[in-house]
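**Student:** Structure provided below as structure tokens; questions to follow.
The values are calculated or read from the model by the stated rules, or taken from the named source; none is laboratory data. Keep in mind that what you see is a predicted model, and the values were worked out from it rather than measured. In this analysis, Cβ positions are derived from the backbone assuming ideal geometry, glycine residues included, and neighbour counts consider all displayed protein chains.
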Amino acid sequence: MAHFPFVHTDILGAEPLTEVLPYNVRIDEELDEVIATECRFAQPRASATAVEPIETQYVYRVTRPNVAILYKTCPPDPQRWDVLCLFVQPVDEDWCIAHTIMCYVDDINSDEQLRRFQQTIFGQDLMILINQVPKRLPLAASRENPVRADVLATAYRRWLRESDLHYGAIRG
């Protein structure tokens, strides 16, 4: 969430509202997944259906090393969730292809408008990911300088270390 105001300016975040509020992260041993709950962030335009800024609620689930599910507040019906699923297909250890499934409550926008909104977000993220150094994910705790906003990323990397993941990762 910390990148929202800087990468998705005036859409998923905006300065000066840059603080990532405390949220909960746990590793569910039974399901073998990482779950972040009580995530919230002030967003100028939380989705293609948003007509005003809202505080968006999020739940993040990482169900497998290359599968993430994101539940977020649905602006037209805050009692429901919009859902984004991200399936990452490794091409080699340095590159991957991301496949998405989007489930939105949206009777306002055409499929094309909804797709354009989401492609804008993914396109902004893509520029960060393509230029990330190193390309492989560092898993050694000693290579991190985490801050409170990184609780989910830190738990995810610990979960990957404990599951002995090697492909696409820097272990030492």
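**Student:** Is there a residue being touching a Pro at 6+ places or on another chain (Cβ under 6 Å) and either of a type outside the set (Asp, Glu) or more than 23 Å from residue 168 (Cα to Cα) (or both) anywhere in the stretch 35-46?
**Tutor:** Taking every residue of the stretch 35-46 in turn, at least one turns out to be touching a Pro at 6+ places or on another chain (Cβ under 6 Å) and either of a type outside the set (Asp, Glu) or more than 23 Å from residue 168 (Cα to Cα) (or both).
**Student:** Consider residue 156 carefully, then state whether it is farther than 26 Å from residue 37 by Cβ, touching a residue at least 60 places away in the same chain (Cβ under 8 Å) and either in a loop (DSSP other than H, G, I, E, B) or under 18 Å from the mean Cα position of the chain (by Cα) (or both).
**Tutor:** It is false that residue 156 is farther than 26 Å from residue 37 by Cβ, touching a residue at least 60 places away in the same chain (Cβ under 8 Å) and either in a loop (DSSP other than H, G, I, E, B) or under 18 Å from the mean Cα position of the chain (by Cα) (or both).
**Student:** Something else about it: Among the residues of the stretch 144-153, is there at least one that is out of contact with any strand residue (DSSP E or B) (no Cβ under 8 Å at 6 or more places or on another chain), modelled with pLDDT of 90 or more and of a type in the set (D, E, K, R)?
**Tutor:** No: zero hits.
**Student:** If you scan the stretch 24-53, which residues turn out to be within 21 Å of residue 75 (Cα to Cα) and crowded, with 18+ Cβ neighbours inside 10 Å?
**Tutor:** 36, 39, 41, 42, 43, 44, 45, 46, 47, 48, 49, 50
**Student:** Looking at 108, 101, 69, which one is touching a residue at least 24 places away in the same chain (Cβ under 8 Å) and hydrophobic (A, V, I, L, M, F, W, C)?
**Tutor:** 108
**Student:** Still on this structure, please answer the following. Considering the stretch 1-23 alone, what residues qualify as being outside any loop (DSSP other than H, G, I, E, B), loosely packed, with under 14 Cβ neighbours inside 10 Å and touching a Ser or Thr at 6+ places or on another chain (Cβ under 9 Å)?
**Tutor:** The answer is 6, and nothing else.
**Student:** I would also like to ask the following. Filter the stretch 99-129 for residues that are surrounded by 13 or more Cβ atoms within 10 Å (Cβ to Cβ) and among the acidic types (Asp, Glu); which is modelled with the highest pLDDT?
**Tutor:** Checking each candidate, the answer is 125.
**Student:** Looking at the stretch 12-44, which of its residues are within 15 Å of residue 124 (Cα to Cα) and over 15 Å from the mean Cα position of the chain (by Cα)?
**Tutor:** Within the stretch 12-44, just 14 meets the criteria.
**Student:** Working only within the stretch 130-167, note down all residues that are among the aliphatic types (A, V, I, L, M) and either within 16 Å of residue 1 (Cβ to Cβ) or surrounded by fewer than 11 Cβ atoms within 10 Å (Cβ to Cβ) (or both).
**Tutor:** Hits for the stretch 130-167 are 130, 133, 147, 149, 151, 152, 153, 155.
**Student:** Just give me the residues in the stretch 83-97 being among the aromatic types (Phe, Trp, Tyr) and either under 13 Å from residue 129 (Cα atoms) or not in a strand (DSSP E or B) (or both), in sequence order.
**Tutor:** Result: 95, single match.
**Student:** Still on this structure, I have one more. Looking at the stretch 103-115, is at least one residue in a strand (DSSP E or B) and of a type in the set (S, T, N, Q)? Before you say what the answer is, go through the steps one by one.
**Tutor:** Initially, the stretch 103-115 is screened for residues in a strand (DSSP E or B), giving 103.
Going one step further and asking which of them are of a type in the set (S, T, N, Q), we end up with none.
No, every residue in the stretch 103-115 fails to be in a strand (DSSP E or B) and of a type in the set (S, T, N, Q).
**Student:** Right, here's the next one. So for the stretch 42-55 (the condition being closer than 30 Å to residue 161 by Cβ, free of Cβ contacts under 8 Å to residues at least 40 places away in the same chain, part of a strand (DSSP E or B) and out of contact with any His (no Cβ under 6 Å at 6 or more places or on another chain)), does at least one residue qualify?
**Tutor:** Start the filter on the stretch 42-55 by keeping residues that are closer than 30 Å to residue 161 by Cβ, which leaves none.
Within the stretch 42-55 (the criterion being closer than 30 Å to residue 161 by Cβ, free of Cβ contacts under 8 Å to residues at least 40 places away in the same chain, part of a strand (DSSP E or B) and out of contact with any His (no Cβ under 6 Å at 6 or more places or on another chain)), the answer is no, since none of the residues qualifies.
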